[in-house]
Amino acid sequence: MFVTAPVTVAVPATSANLGPGFDAFGLALALEDEVTAQVTGSGVRVEVSGEGDGEVPTGADHLIADTMLRTFDRLGVARPDGLVLRCRNRIPHARGLGSSSAAIVAGIVLARALVGFVGYDPRSLSLAAEIEGHPDNVAACLLGGFTIAWTSDDGAYATRLDVIPEITPTVLIPETRGLTAHARAALPQQIPHRDAVFNVARAALLVRALTADPSLLLTATEDRLHQNYRAPGQPETAALVAELRSAGVPAVVSGAGPSVLALSGQPTAPDGWWARSLSIASTGARILSTRHAEGDPVAAGLPS
């Protein structure tokens, strides 16, 4: 029933929201975690190197392992007696760069590959969004490029667009960490109608800016929906975004923060931060080794 050889998947970092596209826009970045999974005799063991080493669980409660087990259940497949996972983590944890989404996507892709399913199925996004709680990061991680995600009564959906090559993101990453739950708790239950209209216009403009006209980026990345409300909890992040924008750099909070994403220029990191220029990942999650396929882009989901 299970593939006996190890299976390895690479999953990219992501930046969500991009200013006005709260819980809808995502961008895949060329910084990948790699995870290898193999079915074994008994128990679940997780080996971690890089980010999270010594900090994350090493058993069945590890996010990738837990996602794999949930995916087996969704597929209607009996869980294997044992699993070994080897995680080579490069995506910074708790910095607004989609590390949890990468783990969830890796778990879905690996579970599917271990039972012989390789290839795209859009229902994977619904499962990933169900586990993560929102679809923006997982959509970009699955599909690559620039994604627009939305939810309906029957699940989550996304469409993917190519970003013009003139756009060269830089991520500014602080030493301090943040928690998505804390950032979401800062958001009000209601916002003024004029602010909603403001964001609708900027989000629509941002699609044009990313795919055709980068001269629009500074205006298109304006936001009144979430960043100002989160600023008191992340004052250094808010100050850096404001400083960069005053200098004409289209900078936004990356996801829930505290990292900052600059969509043009090569800003210098302030003390206590480091800067990484990252190209946009044109493909999302991809299987690197399995007996069924090698090197194919894959967005994993549920079989028909």
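A few comments on the model shown:
- Yes/no for ALA94 being in a loop (DSSP other than H, G, I, E, B) and either at positive phi or among the aliphatic types (A, V, I, L, M) (or both): yes
- Restricting the range 98-156 to residues that are under 15 Å from the mean Cα position of the chain (by Cα) and β-branched (Val, Ile, Thr), the residue that is nearest to GLY257 (Cα to Cα): VAL138
This table checks each residue for (1) in the same structural domain as GLY96 (by TED's automatic domain parsing); (2) crowded, with 17+ Cβ neighbours inside 10 Å; (3) closer than 28 Å to SER282 by Cα.
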site: LEU29; (1), (2), (3): yes, yes, yes
site: GLY41; (1), (2), (3): yes, no, no
site: GLY50; (1), (2), (3): yes, no, yes
site: GLY59; (1), (2), (3): yes, no, no
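- Filter pass, ILE173 being surrounded by 13 or more Cβ atoms within 10 Å (Cβ to Cβ) and under 17 Å from GLY21 (Cβ atoms): no
- The condition of being of a type in the set (Ser, Thr, Tyr), modelled with pLDDT under 95 and at negative phi holds for only one of SER99, SER42, that being SER42.
- Meets criteria (among the β-branched types (Val, Ile, Thr) and over 30 Å from LEU18 (Cα atoms)) for VAL77: yes
The values are calculated or read from the model by the stated rules, or taken from the named source; none is laboratory data. Just so we're clear, the structure is a prediction, and the values are computed from it rather than from any experiment. Using ideal geometry, Cβ is built from the backbone for each residue, glycine included, and neighbour counts are taken over all protein chains shown.
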